[in-house]
Amino acid sequence: MKKVFGVLLIALLFVGCKQKITPSDVAKINGYWEIEKVVLEDGNEKEYGVNESFDFFQIDKKSVGIRKKVMPQLDGTFLVNDTFENVKIRFADDQVFIDYSTPYMKWSEEILVLTDKELVVLNAEKKEYHYKKTGPINLDDYGKKTK
């Protein structure tokens with residue numbers, strides 16, 4: 001009986017410790033995000049080593065903005081094109097969603113974790129996408145920081 005109680009207590013702690021995302025946290029999404037891994041519904045993980053593209057989010061104070069795929073270059077710049085998705089952050093009960101839209105499609109992802117350095121979203125196929133905050137890559141100038 002003690003083991004069952006212990007397991008239930010630990011489970012409640014995990015549920016109770018879920019991050020509460022507030023409207024003031026939305027600004028943390030702005031910037032460049034690099035995918036680290038995808039966790040499938042069955043628990044299997046797909047790790048990503050080097051990424052050829054990053055996700056760039058630009059969201060305003062009204063929780064509306066864009067997501068764009070960008071390709072980092074070795075000199076600290078990014079290759080971009082005119083393709084982007086409109087995004088809107090939506091709060092529903094205790095959940096927070098990113099609603100995407102293009103002229104062809106609409107979809108949503110639930111934000112599970114949002115910090116200054118980490119973003120985890122869950123899509124409709126129950127795949128968790130784990131991102132880390134990143135920035136420009138600069139191999140020129142012998143490692144000097146890119147502005």
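Quick one: how many residues across region 55-92 are small (Gly, Ala, Ser) and outside any loop (DSSP other than H, G, I, E, B)? Show your work before the answer.
Let us first name the residues in region 55-92 that are small (Gly, Ala, Ser), namely 63, 65, 76, 92.
Then drop every residue that is not outside any loop (DSSP other than H, G, I, E, B), which leaves 65, 92.
Within region 55-92, residues that are small (Gly, Ala, Ser) and outside any loop (DSSP other than H, G, I, E, B) number 2.
A quick yes/no check of all residues on (1) in contact (Cβ under 8 Å) with a residue 12 or more places away in the chain; (2) within 22 Å of Glu34 (Cβ to Cβ):
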| site | (1), (2) |
| --- | --- |
| Pro72 | yes, yes |
| Asp75 | yes, yes |
| Leu79 | no, yes |
| Arg90 | yes, no |
| Asp94 | yes, no |
| Ile98 | yes, yes |
| Glu110 | yes, yes |
| Leu114 | yes, yes |
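Only one entry in Lys2, Lys37, Lys20 is open to solvent by 60 Å² or more (accessible area, probe 1.4 Å) and either closer than 17 Å to Leu112 by Cβ or modelled with pLDDT of 90 or more (or both), namely Lys20. Checking each residue in region 106-117 for being assigned to a loop (DSSP other than H, G, I, E, B) and touching an Asp or Glu at 6+ places or on another chain (Cβ under 9 Å) picks out only Thr115.
Just to be sure, is Val120 surrounded by 15 or more Cβ atoms within 10 Å (Cβ to Cβ), without any contact (Cβ under 8 Å) to a residue 24 or more places away in the chain, assigned to a strand (DSSP E or B) and in contact with a His (Cβ under 8 Å, 6 or more places away or on another chain)? First the steps, then the outcome.
Values: surrounded by 15 or more Cβ atoms within 10 Å (Cβ to Cβ): yes; without any contact (Cβ under 8 Å) to a residue 24 or more places away in the chain: yes; assigned to a strand (DSSP E or B): yes; in contact with a His (Cβ under 8 Å, 6 or more places away or on another chain): yes.
Against the criterion (surrounded by 15 or more Cβ atoms within 10 Å (Cβ to Cβ), without any contact (Cβ under 8 Å) to a residue 24 or more places away in the chain, assigned to a strand (DSSP E or B) and in contact with a His (Cβ under 8 Å, 6 or more places away or on another chain)), Val120 qualifies.
Quick check on region 42-55. Is at least one of its residues within 20 Å of Asn123 (Cα to Cα) and surrounded by 16 or more Cβ atoms within 10 Å (Cβ to Cβ)? Yes: one or more hits.
The values are calculated or read from the model by the stated rules, or taken from the named source; none is laboratory data. Note that the coordinates shown come from a computational prediction; the quantities given were computed from them, not determined experimentally. Cβ sites come from the backbone with ideal geometry, for glycine too, and all protein chains shown count toward neighbours. Accessible surface areas use protein heavy atoms only, side chains included; no ligands, DNA or RNA. Shrake-Rupley method; radii C 1.70, N 1.55, O 1.52, S 1.80 Å.
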